[in-house]
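A.B. asks: Below: one structure in structure tokens.
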Amino acid sequence: EKSGYKHFMIKEIYEEPEAIESALVGRVTLDGPVLHELKEFDLENVEKIKLVACGTSYHAALVFKYFVEKYANIDIEVDVASEFRYRNIYVDDKTLVVAISQSGETADTLESVRIVKKKGAKVVAISNVVGSTITRESDVTVYMNAGPEIGVAATKTYVNQLVVLYLLGMEILKKKGIWNEDLENDFEFLKRSPNLFRKLLEDFKIDELASYYKNYNHFMYIGRGINHPTALEGALKLKEISYINATAYPAGELKHGPIALLDPKFPVFAIAPQGYLYEKIKSNIEESKARKARIIAITNEGNEDLLKIVDDIIYVPKAPDDMYPLIMSPVIQMFAYLIADMRGYDPDKPRNLAKSVTVE
Ligand code: M6R
């Protein structure tokens, strides 16, 4: 039931605050984050983590990599399942495999789990669907508890994947004896995030922006560090439901080729919070501007610095560096949703796509 909303996708975006609350229930304690599912799981000795997933779930995995490797000397590798399953993956008793699948039925991800299990790896599944195949074939499942998602485009489940992956990262770091003020701030932010999402979803109005940008045929999303996956996810959302050719790059790669594409008809969507790589992305924005590309940037409240350089700006609440992928996700989703709807497409049923990709 769409309960008054025009599409499931927009309904599901507005459900994000409650979805996050459900992901946090029982996992927020006075002693910090706890994933009870993993209590007996040997995480102290993990030295390598391999994450495997497809599509949006793959982007969530990338955020985990940037987050955890910042704090620990753990070798973390992320791969799309359709590649992973055909590689020779080395696992030993210090390797943890994390398989992420909202549906729990994605053929390539399931096959990846089977392959590494045969090699003796321990597998943690992250899934939304209780009793799905991946939950039965993995050693343990951490549910994302987002509730059913009907729209083909992942929205609230992406948000919940991020929440659960942050918790998983914190659990691993804690078990390894790593905890510090930054992580404490991240955890505090996670706890506040349902209300921050509520306010953000109430306040931000980007209809006018969407209506302007819907007429472009191309988009270049750029981001750096932990914000690079947001660029990838923003571009994926836009292309899958609005059929606009959106491409995403780690911004430092621009001058190695893609900047040649930019001109007034090729806008740049920059993921540019004032975090640790801000000056770097800012200079990439300036380079893009020099090619006369129109720039839309998403940044944190209070950043007036970009106003002089970019054409349009969207603000999200100020957050710890690690948490921008979370707080920015409803914005990139809404931007794609509005454009698809304004272009006359049904965002719930994009052409050529299925909610669960159960064949290779
Ligand atoms: O169910 P899964 O998480 O395994 O699905 C993986 C992808 O097919 C999925 O994330 C897809 O990219 C999204 N529906 C895109 O919005």
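The values are calculated or read from the model by the stated rules, or taken from the named source; none is laboratory data. The structure displayed is predicted, hence computed values, not measured ones. A quick note on method: Cβ atoms are made from the backbone with ideal geometry, for glycine too, and the neighbour counts reach across all protein chains shown. Note: areas computed on protein heavy atoms with side chains; ligands, DNA, RNA excluded. Shrake-Rupley method; radii C 1.70, N 1.55, O 1.52, S 1.80 Å.
A.B. asks: What pairs come up if the first residue lies in segment 97-124 and is charged (D, E, K, R), the second is part of a helix (DSSP H, G or I) and within 15 Å of the ligand (Cβ to nearest atom), and their beta carbons are under 6 Å apart, counting only those six or more places apart or on different chains?
C.D. replies: Glu105/Thr133; Asp108/Ala81; Asp108/Ser82
A.B. asks: Moving to a separate point now. Conditions first: (1) within 16 Å of the ligand (Cβ to nearest atom); (2) part of a loop (DSSP other than H, G, I, E, B). Lys318 passes all but one, so which condition is the exception?
C.D. replies: Of (1) within 16 Å of the ligand (Cβ to nearest atom); (2) part of a loop (DSSP other than H, G, I, E, B), only one is false for Lys318: (1).
A.B. asks: Here's something else I'd like to know. In segment 291-313, what residues are open to solvent by 10 Å² or more (accessible area, probe 1.4 Å) and either assigned to a strand (DSSP E or B) or among the small types (Gly, Ala, Ser) (or both)? So that I can check it myself, show each step before the final result.
C.D. replies: Restricting attention to segment 291-313, the residues satisfying the condition of being open to solvent by 10 Å² or more (accessible area, probe 1.4 Å) are 291-292, 294, 301-302, 304-305, 307-313.
Listed by number, the residues that qualify are Gly302, Asp312, Ile313.
A.B. asks: Ok, one more. Taking Lys6 as the residue in question, decide whether it is under 30 Å from Ala235 (Cα atoms), assigned to a loop (DSSP other than H, G, I, E, B), more than 16 Å from the ligand (Cβ to nearest atom) and in contact (Cβ under 8 Å) with a residue 60 or more places away in the chain. Give the steps one after another, and end with the answer.
C.D. replies: Working: under 30 Å from Ala235 (Cα atoms): yes; assigned to a loop (DSSP other than H, G, I, E, B): yes; more than 16 Å from the ligand (Cβ to nearest atom): yes; in contact (Cβ under 8 Å) with a residue 60 or more places away in the chain: yes.
So Lys6 passes the test.
A.B. asks: What's the total number of residues in segment 167-212 that are open to solvent by less than 50 Å² (accessible area, probe 1.4 Å), more than 27 Å from Ala19 (Cβ to Cβ) and hydroxyl-bearing (Ser, Thr, Tyr)?
C.D. replies: 1
A.B. asks: Name the pairs whose Cβ atoms lie under 6 Å apart, with the first residue in segment 135-159 and on the phi < 0 side of the Ramachandran plot and near the ligand (Cβ under 10 Å from one of its atoms), the second open to solvent by 20 Å² or more (accessible area, probe 1.4 Å) and at pLDDT below 95, and 6 or more positions between them or separate chains?
C.D. replies: Val152/Leu353; Val152/Lys355
A.B. asks: Restrict the check to segment 218-225 and report whether at least one residue is modelled with pLDDT of 95 or more, within 16 Å of the ligand (Cβ to nearest atom) and surrounded by fewer than 21 Cβ atoms within 10 Å (Cβ to Cβ).
C.D. replies: Checked segment 218-225: no residue is modelled with pLDDT of 95 or more, within 16 Å of the ligand (Cβ to nearest atom) and surrounded by fewer than 21 Cβ atoms within 10 Å (Cβ to Cβ).
A.B. asks: Related question: Can you list the strands (runs of 3 or more DSSP E) lying wholly within segment 17-119 that have 2 or more residues being β-branched (Val, Ile, Thr), buried (at least 20 other Cβ atoms within 10 Å of the Cβ) and within 16 Å of the ligand (Cβ to nearest atom)? Before the answer, list the steps.
C.D. replies: Working: elements: 48-53, 75-80, 95-101.
In segment 17-119, the matching strands (runs of 3 or more DSSP E) lie at 95-101.
A.B. asks: Determine whether Arg198 is of a type outside the set (Asp, Glu) and closer than 16 Å to Tyr315 by Cα. Step through it out loud before you land on a result.
C.D. replies: Working: of a type outside the set (Asp, Glu): yes; closer than 16 Å to Tyr315 by Cα: yes.
Yes; evaluated as a whole, the condition is true for this residue.
A.B. asks: Answer yes or no: is there a residue in segment 127-148 that is outside any strand (DSSP E or B), at pLDDT below 95 and not hydroxyl-bearing (Ser, Thr, Tyr).
C.D. replies: Initial filter on segment 127-148 (outside any strand (DSSP E or B)): 128-139, 144-148.
Checking which are at pLDDT below 95 leaves us with none.
No, segment 127-148 contains no residue that is outside any strand (DSSP E or B), at pLDDT below 95 and not hydroxyl-bearing (Ser, Thr, Tyr).
A.B. asks: Next question, about the same structure. What's the total number of residues in segment 28-73 that are within 28 Å of Tyr276 (Cβ to Cβ) and not hydrophobic (A, V, I, L, M, F, W, C)?
C.D. replies: Residues meeting the conditions: 16.
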